[in-house]
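All remarks here apply to the structure that follows.
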Amino acid sequence: MFEPNMFLAAMNNEDSNNHNYNHEDNNNINERFLRDEEFDSANTKSGSENQEGGSGNDQDNHHPNKKKRYHRHTQLQIQEMEAFFKECPHPDDKQRKQLSRELGLEPLQVKFWFQNKRTQMKNHHERHENSHLRAENEKLRGDNIRYREALANASCPNCGGPTVIGEMSFDEHQLRLENARLREEIDRISAIAAKYVGKPVSSYPLMSPPPLPPRPLELAMGNFGGDVYGNNPTDLFKSITAPTESDKPLIIDLAVSAMEELMRMTQVEEPLWKSLVLDEEEYARTFPRGIGPKPAGFRTEASRESAVVIMNHVNIVEILMDVNQWSVVFAGMVSRAVTLAVLSTGVSGNYNGALQVMSAEFQVPTPLVPTRETYFARYCKQQADGSWAVVDISLDSLQPNPPVRCRRRASGCLIQEMPNGYSKVTWVEHVEVDDRGVHDLYKHMVSTGHAFGAKRWVAILDRQCERLASVMATHISSGEVGVITNQEGRRSMLKLAERMVISFCAGVSASTAHTWTTLSGTGAEDVRVMTRKSVDDPGRPPGIVLSAATSFWIPVPPKRVFDFLRDENSRNEWDILSNGGVVQEMAHIANGRDTGNCVSLLRVNVSRFVCYNSYDQGFHIFQSFFMSQSANSSQSNMLILQESCTDPTASFVIYAPVDIVAMNIVLNGGDPDYVALLPSGFAILPDGNATGGGEGGSLLTVSFQILVDSVPTAKLSLGSVATVNNLIACTVERIKAAMSCETA
């Protein structure tokens, strides 16, 4: 287990069978971490190094080809430490000093010997467990075969013929999920077996059959990816495992080097940065180490951006080091993230020295740009001047045969404290990526760094800091009509809107967690659809949810598109589901400097409206469930929760129909987690072609989430898919027509 002061306990087990201790190598590692912890004491050397006449690094510089000397313990020393180890495998400082005096060794030598001995014993026990793991592997392999045969021989209970996707039973779906779990378990156990037995993973073949031909989704419609509910069997995110004990010294070394690199990247101008463009040749000369050469076919993206945000440095560090907070704040960029291991929690009750191993998936809100999956270490360090830095560095080399499409070189931010609770954030984003899968519509935007660059990260952080400040605000002016002044009601409504935005962003990207299917032959821009099942989720209505999305270019600046879509007065020009009703804003919460950053509660007054639910033959038009409180019972009310947010890099208009009774509870400070939401909306991105005084066009993504059946095991009909396709196509045409009138 790594202790918080782990940087003084780097291990080196070069010759564990003979209990050899490489004094120079351990001093080199120790010196490196001491140098990082003592930022202003770069030339400080331990007493044991002075006895050697210089550090190992100095000797390597003077004698690059000279073989390092190994200091071997005597047989008596080994026997004494072996005997002591049996009694006390974790000696404290006092015991180590006493033992070092008795054996004529340095205390640091004794400390590292015991660390190496503990590692050796752990490996010994793991090898003994390997036989048990292999037996479990064989059992899982047999279960895998049995489940596969059961799936292959499944038949329809009515006609006796082979089943199709639309008629998949709940039991068969459970078998598929179990089969996928078993495959993941076999992968994990095979990797463990390969590590300790010494055979490659290919020596333990997975009992995977050749891919089955796709099953049609009724009336010969195309297959929806991995299965009808969008589970993608090629999801690489789940295949990444936590680091082993032997990986930890390398991770520490990479993290410390990355921190040094980030500090220079944030503070140095020319010749490293030339007009905010990284000089790759100068970078290679300045930082010759790193994570190795750029893979063939990869492209470099490097950017730097600074901003002053309304949040103190302590809270920013906490957001970056807490994976849950980080995923929520950067929901527009981070589709999934997980902490795989915590190597150090930091010292002095804060994140100074904290080191984590993480995996994350970065996204653009459109199905047309593949997500970027990364496996990296995140290291936090307080600098000598009191500022804080958080750096990421890729660890793909630690994974066997990693399917790398994106590598993060030293990327992160420097956070400097400013007066009145503000902070200055300088962000560096430096990646190498294979982006050949990007759709032509987004190639320019991605290649210029507008999609994943530092400016995007800083803009999101700035906007979210303003949003969080509005949540904490206590003095709310009540002079404006519709402003929610109830503090608990504001927090509950903002929390509900936050969940709506996160759900929208996760459901519109090209995440490997789900698979989109393109509908063709409709005459509309490539409409993509996917389905998923909602069960036992209080935040979603139960049943089968159909998501549909399309992206297209429009020759209108993003600001004008955003203002048009968020304005309730122009909503009936594009919103088919409101059926031409009058839209009124009932309440709102401003959450930023820009007036467009706002959470609103809208009411659509119609006698009839198109419901979001549908059944086999499409959408039904029927009386609203939400009856008006007025005497005129023929008038119905539909409430819509809407959040609009904008920054220089992206804008969103996201909305969802909500129950009027549930919203009354929320506005009185009730728990918003039990309000069912199916968000739809728009993501508006600049096309990256703005030059001079021009504003350029917009890349607009339209997305709907529709509950097509309230029964989770129901089959998806072709009529439902066709109706959703028509809905999104008509919405696109209405937006284009309205925008054309404005530009005419």
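The values are calculated or read from the model by the stated rules, or taken from the named source; none is laboratory data. Please read these numbers as outputs of a predicted model, since none were measured by experiment. Using ideal geometry, Cβ is built from the backbone for each residue, glycine included, and neighbour counts are taken over all protein chains shown. Calculation scope for accessible area: heavy atoms of the full protein, side chains included, ligands and nucleic acids excluded. Shrake-Rupley method; radii C 1.70, N 1.55, O 1.52, S 1.80 Å.
A few notes on this one:
- Subset of region 553-585 [over 32 Å from the mean Cα position of the chain (by Cα), open to solvent by 10 Å² or more (accessible area, probe 1.4 Å) and among the charged types (D, E, K, R)]: E568, E573, E585
- Test for D659: is it at pLDDT below 90, touching a Gly at 6+ places or on another chain (Cβ under 8 Å) and open to solvent by 10 Å² or more (accessible area, probe 1.4 Å): no
- Number of positions in region 273-300 that are β-branched (V, I, T), assigned to a loop (DSSP other than H, G, I, E, B) and touching an Asp or Glu at 6+ places or on another chain (Cβ under 7 Å): 0
- Scanning region 277-329 for residues that are more than 28 Å from A506 (Cβ to Cβ), of a type in the set (K, R) and out of contact with any Phe, Trp or Tyr (no Cβ under 8 Å at 6 or more places or on another chain) yields R285, R289, K294.
- Check on I502, open to solvent by 50 Å² or more (accessible area, probe 1.4 Å), touching a helix residue (DSSP H, G or I) at 6+ places or on another chain (Cβ under 9 Å) and in contact (Cβ under 8 Å) with a residue 60 or more places away in the chain: yes
- Condition met for D594 (of a type outside the set (A, V, I, L, M), farther than 27 Å from L519 by Cβ and modelled with pLDDT of 90 or more): no
- Contact map, region 307-328: residues that are in a helix (DSSP H, G or I) paired with residues that are open to solvent by 50 Å² or more (accessible area, probe 1.4 Å) and among the aliphatic types (A, V, I, L, M), Cβ distance under 8 Å, separation 6+ or inter-chain. Pairs shown: V323/V338; V328/I502.
- Test result for N350, open to solvent by 10 Å² or more (accessible area, probe 1.4 Å), outside any strand (DSSP E or B) and closer than 19 Å to L461 by Cβ: no
- Some residue of region 416-424 being open to solvent by 10 Å² or more (accessible area, probe 1.4 Å), within 15 Å of F298 (Cβ to Cβ) and in contact with a Lys or Arg (Cβ under 8 Å, 6 or more places away or on another chain): no
- You will find that of V471, V404, the residue that is of a type in the set (A, V, I, L, M, F, W, C), in a loop (DSSP other than H, G, I, E, B), open to solvent by 20 Å² or more (accessible area, probe 1.4 Å) and at pLDDT below 90 is V404 and no other.
- Of all residues in region 661-716, those being outside any strand (DSSP E or B) and either more than 25 Å from M586 (Cα to Cα) or not β-branched (V, I, T) (or both) number 33.
For every residue, the table says whether it meets (1) at positive phi; (2) modelled with pLDDT of 90 or more; (3) open to solvent by 30 Å² or more (accessible area, probe 1.4 Å).
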position	(1), (2), (3)
R456	no, yes, no
A459	no, yes, no
T485	no, no, yes
L494	no, yes, no
A497	no, yes, no
W516	no, no, yes
L519	no, no, no
S551	no, yes, no
